[in-house]
Amino acid sequence: MIAASETFGGTWPFEPCFFEGAGFRMHYVDEGTGDPIVCLHGEPTWGYLYRRFIPPLSATHRVVVPDHMGFGKSETPRDREYSLRTHVDNLTKLIEALDLKNITFVLQDWGGLIGSAFTLRHPHRVRHLFLLNTLAGYGKTSAGSTPWFQLILKHHKAGTLGEVLGHLDVNILSIMKTQGLENLSAVDSNWLAAFGSAFPTKEDCVGAIEFPLDALLGRIIPYLEEGVPLLQNLKSKPAMLAVGMKDRAIAPENQISDFKAIWPDAPVIKLPHAGHFSQEDAPDTIIALIELFIQSAR
């Protein structure tokens, strides 16, 4: 867990907020006023991924950026189950405590499944969904046989996954490059410290180890199936998908297939030079797309 006051050389200047209603100390940023934009990260990042998004979006909206349990400035409890269900429950408690309504979700990687599962169950709180290099999880597709999941499968079979993902303090850059980080000009000492220092020990990597296993071992399937009867709650929401076409964690064609199965007429934007972490690769383009999407979907 990163110190609450840490700004990484001023690149993360936002006041830390904490919520303990989910049974652990959950960090989030809460900037601006107006209808909320809730930005969800995935594996193996935290809210820092949205550092460029918060200032412009908070000029017109209330921007809330939580860190999932086991990531960023949130606590990494040792006695909790790190599953999709738990992460959705944690988010639900936070959103209900803040009483957020008319939410625009910005969802990347595991954020897509978490935000979509929340929307199914709480449609009255959600207005729009902007998906970014992710799956909603209800389009009857998977991430595909990508370099990322090939790596996960190889080391899971060899019994070495805990070693590969248990040293993110030193190998965070190589892991994110495997997933599809294209803009290496974003990487400097502050960047490395921000993403790496979230995982000072192997025990602190439990959330990052369990996320891909949840998918690889099919542990998410029962929870996803529970949501299928509520699918119309998701289909009824305006949605947009932006795809970094160099994504090596979730196959771009699978992202599009999943999205179109739920929102057949909704827009899909292909970003040819971006990878899995489009927030790093094409931040200005994506910020503009989010703003345009919110305006056009009113």
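General observations
- Dividing the convex hull volume of the alpha carbon atoms of region 165-298 by its residue count gives 133 Å³ per residue.
- Note on region 1-146: Cα convex hull, mean projected area over all directions, 9.0 nm².
- Relative packing of 232-243, 63-74, which averages over residues the other C-beta atoms within 10 Å, highest first: 63-74, 232-243
- Protein heavy-atom surface of region 69-138, 1.4 angstrom probe: 41% of the accessible area is carbon and sulfur, with nucleic acids and ligands not counted.
- Around N133: net Lys/Arg minus Asp/Glu count, Cβ-Cβ under 9 Å: -2
- 13 Å beta-carbon shell around S58, net charge (K/R +1, D/E -1): -2
- Long-range amide H partners of T134 with built H, under 5 Å: D109
- Whole-Hz ³J(HN,Hα) from phi, Karplus 6.51 cos²θ - 1.76 cosθ + 1.60, for region 10-17, glycine and proline x: x, 7, 10, x, 8, 5, x, 10
- For region 219-260, the fraction of C-alpha pairs farther apart than 14 angstrom is 61 percent.
- FRET efficiency for D284 and A158, using Cβ-Cβ distance with R0 set to 30 Å, rounded to 0.05: 0.15
- Charge-dipole axis of the chain as Lys and Arg at +1 and Asp and Glu at -1 on Cβ define it, positive-most pick from A288, A194, A261: A261
- Considering only the chain, percent of DSSP beta bridges that pair antiparallel, nearest 5: 25 percent
- Assuming charge only on the beta carbon of Lys and Arg (+1) and of Asp and Glu (-1), the dipole of region 1-126 about its Cα centre is about 180 debye to the nearest 20.
- Out-of-range pairs (alpha-carbon distance over 25 Å; input K154/K246; K140/K246; K93/K140; K140/K177; K177/K270): K93/K140; K140/K177
- HN-Hα J in Hz across region 152-160 - Karplus 6.51, -1.76, 1.60, θ = phi - 60°, x for Gly and Pro: 4, 5, 4, 7, 5, 5, 7, x, 10
- P(r) weight above 26 Å for the chain, C-alpha pairs, percent: 38 percent
- Projected-area average for region 71-127 over all orientations - Cα convex hull basis, square nanometres: 4.2 nm²
- Global geometry of region 258-298, whether rounded, prolate or oblate, following the gyration tensor of its Cα atoms and the 1.5 cut on a/c: oblate
- Calculated SAXS-style log₁₀ I(q)/I(0) at q = 0.19, 0.27 Å⁻¹ - region 1-71, Debye, Cα scatterers: -0.75, -1.38
- Of the solvent-accessible surface of region 179-298, computed with a 1.4 Å probe over protein heavy atoms with every protein chain present, carbon and sulfur atoms account for 56 percent.
- Calculated [θ] (222 nm, deg cm²/dmol) that DSSP helices of n ≥ 4 give over the chain, each run adding -39,500 (n - 2.57): -11500 deg cm²/dmol
- Pairwise Cα distances in region 75-190 exceed 17 Å in 68 percent of cases.
- For the chain, accessible area per residue (1.4 Å probe, heavy atoms of protein chains only), Å²: 38 Å²
The values are calculated or read from the model by the stated rules, or taken from the named source; none is laboratory data. As the structure is a computational prediction, the values presented were derived from the model and not from experiment. Neighbour counts run over all protein chains shown; Cβ positions are idealised from the backbone, glycine included. Just so you know, the surface numbers come from the protein's heavy atoms only, side chains and all, with ligands and any DNA or RNA stripped out. Shrake-Rupley method; radii C 1.70, N 1.55, O 1.52, S 1.80 Å.
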